[in-house]
């Protein structure tokens, strides 16, 4: 029997409604008891874009994206992760400390009720306090990590999971638990410099995209090399090279964005691979998780810097939400 | 006799009209043969805000800010520095290489003529090519450096001149010549992160400004300490601490901007003091040049990081322009 859901009906196999509920988007997954995704929907009702403010807005957004699934299966358990559990969310699920695994998340879930008094369980975020440095936090990625470990069980014993993005996360795993992690604002710094600084003004779109792929790759590699050669504090100096390399004709204007990207990704990798935190093992196998274009770019950068990733995965949030639900005793697993 | 000019008349002592002509502003100085400023004016006709495009716009802006000085003294020599000499300026005065001193600038000045066919001499910018790294450029600061060395001749033999700002410059001097320099985008990165990133959204204005000076200083120092402890590539990670320190209540929201400021200034200082370029002597005495509030902040940071500056100066552009004019043989010096 095909478990793919016909949107018009409710498959007998449905066992979970799982929500990845962020700041600007809401994704819903209908899953079976084995962890397979039967149906998937994406909406714009992130916690900052609700149809109305307050709990009623959250209930309305939930009904809009998954109401028919819940009508067809009124007993389906409901779980969520992401900013919906922040202080600005539906209900705060306070950060829990490291080491933590999916059982820790389940033990600290926060409960809210939907319009039909069905409980929705929200996963907490993680807090990590490295010795002698500022604390770090994640919210949403802890569930993606649980999903990644479910999909790559061989790496659960010892790994470093890299989730590139607006705020990239590097999480070190021992025996299935997150022991340490670090956030890098790589994507956001790239976006604000490109959108709002002098550097962005110098960047040009390529006239013939296909003819300049080699320029882009060379510029990206030059950024990585600058990062590899950097000393403490050098980044804001090396950023200015985006201007001087353009000004002196060494990097064409259509490839300056790639230099900036290589420089920022390179700095992230150089730092994360040698952060000196004993709870973050420098030589753990690397597992890249995220959108394919971005993980490809990071894989290229890691290879260039001498540390090829052991594996790459796409979005692992649904598998993580399923594991979270299973750990909370909400579904009877098929295995 | 008081050499301060009566704006209605022209003092017999006037010997030079000097212009500091940047992207968004134009400053004019009427100076005597001894290098003293007789009168000073500031206008908004930066090279991006001319009354009309092209050379006519430059001539019109010059006439608007200094026309009466030139009417009263038609033979006064005219000099300028800054973006007016860039490729986007009135006429390009191409960058000259290091080492360079004020005589080098004079030898490579570019000439344009005003509406009355009077020559205006524009100082070139400087280009520095460090071994094995991207080139660096300055345009305008080379004249401020000449002014600083004129005001602090004891430092001309060997010094490091620090000009904090949007794009901070660190310039190393030997025997009056700039031998090496480095740009840091500290001010611009601070502004774009504060204005356009998640970090800026977390910052709050203090309810009682006088009550929170201690918070601000502690946060600034915490940023400096993070910079001192940093390893290569750490900046985009440490930036995120602006968020986590606020989230965990360790730094109040009204002091988060000071943490960010301390972190970025600290990274600049840590890098500049140990850049490893043999043409930039790490232990040269430091001379801070710029707006008083900013040089005070840098002096505090330098002290905290163990390298108190030898001296601080305000805007040295007029003295630098005077030295440039003298080196070009345009004025008969009073000495």
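Read the figures in this text as sums done on the coordinates, not as results from a lab. It should be emphasised that the depicted structure is a prediction, and the values quoted were computed from it without experimental measurement. Neighbour counts run over all protein chains shown; Cβ positions are idealised from the backbone, glycine included.
Considering only the label points, 7 Å along Cα→Cβ from Cα, what distances in nm to one decimal separate residue B:217 from the same position in each other copy, shortest first?
5.6
Evaluate peptide B:239-246: per residue, the Cβ atoms of other protein chains within 10 Å of its Cβ; return the mean as an integer.
Other-chain Cβ atoms within 10 Å of each residue's Cβ, averaged: 5.
Nearest 10 degrees is fine. How inclined is helix B:256-272 to the longest principal axis of chain B, computing both from alpha carbons?
Approximately 70 degrees, to the nearest 10.
Taking every eigenvalue of the Cα gyration tensor of region B:84-193, multiplying by 5 and rooting it, what semi-axes result, largest first, whole Å?
Taking √(5λ) for each eigenvalue gives 24, 19, 14 Å, largest first.
Pick from B:197, B:230, B:271: which residue has the top mean-square fluctuation in a GNM of chain B where Cα pairs under 10 Å get a spring?
Of the options given, B:197 has the highest mean-square fluctuation.
Could you work out the helix-only [θ] at 222 nm for the protein assembly as shown, with each DSSP H run of four or more residues adding -39,500 (n - 2.57) and the total divided by the number of residues, to the nearest 500 deg cm²/dmol?
Roughly -11500 deg cm²/dmol at 222 nm, from the helical runs in the protein assembly as shown.
From a point 7 Å beyond the Cα of residue B:91 in the direction of its Cβ, which residues of region B:23-63 have a backbone N at a distance under 16 Å?
B:54-60, B:62
Using a label position 7 Å from Cα in the Cα→Cβ direction, what is the ascending list of nm distances from residue B:63 to the same site in the other copies?
Once sorted, the set of distances for residue B:63 reads 7.1 nm.
Inverting the mean 1/r over all pairs of different Cα atoms, compute the Kirkwood radius of region B:288-328 and quote it in Å.
11.4
Express the C-alpha Rg of region A:236-335 as a ratio against the empirical globular expectation 2.2 N^0.38 Å, rounded to two decimals.
For region A:236-335, the normalised Cα radius of gyration is 1.51.
FRET efficiency for residue B:115 and residue B:296, Cβ-Cβ distance as r, R0 = 41 Å, nearest 0.05?
Step by step, r from the Cβ atoms, then E = 0.45.
Can you run the Rg to Rh ratio on region B:1-153? Use alpha carbon positions and the Kirkwood inverse-distance Rh.
That ratio equals 0.99.
What angle do you read, to the nearest 10 degrees and between 0 and 90, between the alpha-carbon axis of helix B:235-247 and the longest principal axis of chain B?
Compared with the principal axis, the helix lies near 60 degrees.
Which ordering of B:17, A:37 is given by a fewest-first count of other beta-carbon atoms within 10 Å?
Ordered by Cβ neighbours within 10 Å, fewest first: A:37, B:17.
Considering the Cα trace of the protein assembly as shown, what is its radius of gyration and what is Dmax, both in angstroms?
Taking only Cα atoms of the protein assembly as shown, I get Rg and Dmax of 29.8, 104 Å.
Taking the DSSP beta bridges in the protein assembly as shown as the whole, what percent of them are antiparallel, to the nearest 5?
In the protein assembly as shown, DSSP labels about 70 percent of beta bridges as antiparallel.
At R0 = 25 Å, how high is the FRET efficiency between residue A:201 and residue A:250 if r is their beta carbon distance? Nearest 0.05 is fine.
Once the sixth-power term is evaluated, E becomes 0.85.
Taking 1 over the mean of 1/r across every pair of different Cα atoms in chain A, what Kirkwood radius in Å do you get?
It is 21.3 Å.
Describe numerically, in nm with one decimal, the distance between label points set 7 Å from Cα along Cα→Cβ at residue B:274 and at residue B:63.
If labels sit at residue B:274 and residue B:63, their model points lie 5.7 nm apart.
Taking a point 7 angstrom from the Cα of residue A:103 along the C-beta vector, which residues in region A:297-335 have backbone N less than 13 Å away?
The answer is A:327-329, whose backbone nitrogens lie closer than 13 Å to the label point.
Report, please, the projected area of region B:184-313 averaged over directions, based on the convex hull of its C-alpha atoms, in nm².
Averaged projected hull area, Cα only: 8.4 nm².
Which angle from 0 to 90°, rounded to the nearest 10, does the C-alpha axis of helix B:213-228 make with the longest principal axis of chain B?
90
What whole-number value in cubic angstrom gives the convex hull volume per residue for the C-alpha atoms of region B:228-272?
Dividing the Cα hull volume of region B:228-272 by its residues yields 63 Å³.
Could you pull the copy-to-copy label distances for residue A:44, with points set 7 Å along Cα to Cβ, in nm to one decimal and sorted shortest first?
3.7
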